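Take a look at the structure below.
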Amino acid sequence: VQLQASGGGLVQAGGSLRLSCAASVGIVSIDRMGWHRQTPGKQRELVASIASSGTTNYADSVKGRFTISRDNAKNTAYLQIDSLKPEDTAVYYCYVTRWATIYWGQGTLVTVSS
C-alpha cells in the first residue's frame, strides 16, 4: 500500500488546513486510516483515526478542532484542521492499517505562526 499525503503548509493561528491522504488500494479493504504527528524531541502521537465502519477517534488535544473523514470512492482520507494553534506545529504522518500491517505516508509539515 502506498500513501500520498498532501495539504500541509504555513498558516496563522486560528486558521485552517485540510490534509489529504490518498491510498493506492481501495480503502474499503483498509481497516483504519489516520494521522499521527511528531515534533522534534517528542514521540509520534496519534491525532485522529477513522475505522472502516466510520467510527472516529481523536486525541484530547484536538477534539472539537480536527475532523477526520474518508471518501471511499476516491480512496482518500481527509483531516480538516480548524482553529489552529502554534502547538499544532508538527510533521503530520498519515497511515493505514490493512491486514494487521501499518503503512505510512510521507510526512507533511504544518507550521502555525502566532
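The values are calculated or read from the model by the stated rules, or taken from the named source; none is laboratory data. Bear in mind that the values here come from a model prediction, so they are computed numbers and not experimental data. Neighbour counts are summed over all protein chains in view; Cβ atoms, including those assigned to glycine, are modelled from backbone coordinates with ideal geometry. The accessibility values were calculated without ligands, DNA or RNA, using every heavy atom of the protein model including side chains. Shrake-Rupley method; radii C 1.70, N 1.55, O 1.52, S 1.80 Å.
The relative contact order of the chain comes to 37 percent, based on Cα pairs under 8 Å that sit 6 or more residues apart.
When the residues Glu45, Glu87 are ordered by accessible surface, computed with a 1.4 Å probe over the protein chains alone, the sequence from largest down reads Glu87, Glu45. Rounded to the nearest whole Hz, the Karplus-based 3J(HN,Hα) values (6.51 cos²θ - 1.76 cosθ + 1.60, θ = phi - 60°) of segment 99-107 follow the sequence 6, 6, 10, 9, 10, 10, x, 6, x, with x at glycine and proline.
For Tyr103, the solvent-accessible surface with a 1.4 Å probe is about 60 Å², rounded to the nearest 10.
Computed over the chain, the range of Cα coordinates on each principal axis works out to 40, 26, 23 Å, biggest value leading.
If we count trypsin sites (Lys or Arg not before Pro) as exposed when they sit in a DSSP loop and have at most 14 other beta carbons within 10 Å, what is the longest stretch of the chain that avoids them all? Here the longest segment lacking exposed loop sites spans 64-114.
Which percent of the accessible heavy-atom area of the chain goes to carbon and sulfur, probe 1.4 angstrom?
Here it works out to 48 percent.
Of the listed residues Asp60, Asp31, Asp71, Asp88, the order by accessible area with a 1.4 Å probe, largest first, is Asp60, Asp31, Asp71, Asp88. In the context of the full set of protein chains, residues of the chain present 51 Å² of accessible surface per residue (probe radius 1.4 Å, heavy atoms only). Count Lys and Arg as plus one, Asp and Glu as minus one, and take only other residues whose Cβ is under 13 Å from that of Ala5; the net charge is then +2.
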